[in-house]
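Scroll down for the structure; my scribbles are underneath it.
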Amino acid sequence: MTITLDRKSPESATPPGFRRCLDMSVADLETCLDGISYPATKHDLVCQARRNGAKPDVLAFLHLLPENKYPQFHDIAFMAWSFLLV
């Protein structure tokens, strides 16, 4: 399965009132997922992030993930890192 996520882009490239980039880091993601048990489903990730007070951009990223079971944080971090890479 191939997953393509839109990369972070400059604010000037988007129409007024519309943001295409997420203001988050892999460290933010790791903090928000603290305490989760792996393997974890997308639903598990979103619920844990909410419990840990995740920023809206972290939650938005998690909602972009496909409905899978994620065996370890590394799998999620790699996708976030690829997404945030400019």
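Here the extension length gained between SER25 and ASP75 equals 16.5 nm, from 0.36 nm per residue of separation less the Cα-Cα distance. For region 39-86, the Cβ-based charge dipole about the Cα centre amounts to some 140 debye (Lys, Arg positive; Asp, Glu negative; other atoms uncharged). From the C-alpha gyration tensor of region 17-71, pull out the three semi-axes of the equivalent ellipsoid (sqrt of 5λ each), sorted largest to smallest, in whole Å. Over the Cα atoms of region 17-71, the semi-axes work out to 19, 13, 9 Å. The residues ILE36, ILE76, sorted by heavy-atom accessible surface at 1.4 Å with ligands and nucleic acids left out, run ILE36, ILE76 from largest to smallest.
The values are calculated or read from the model by the stated rules, or taken from the named source; none is laboratory data. As the structure is a computational prediction, the values presented were derived from the model and not from experiment. Positions of Cβ are generated from backbone atoms using ideal geometry, with glycine treated the same way; all protein chains shown enter the neighbour counts. Just so you know, the surface numbers come from the protein's heavy atoms only, side chains and all, with ligands and any DNA or RNA stripped out. Shrake-Rupley method; radii C 1.70, N 1.55, O 1.52, S 1.80 Å.
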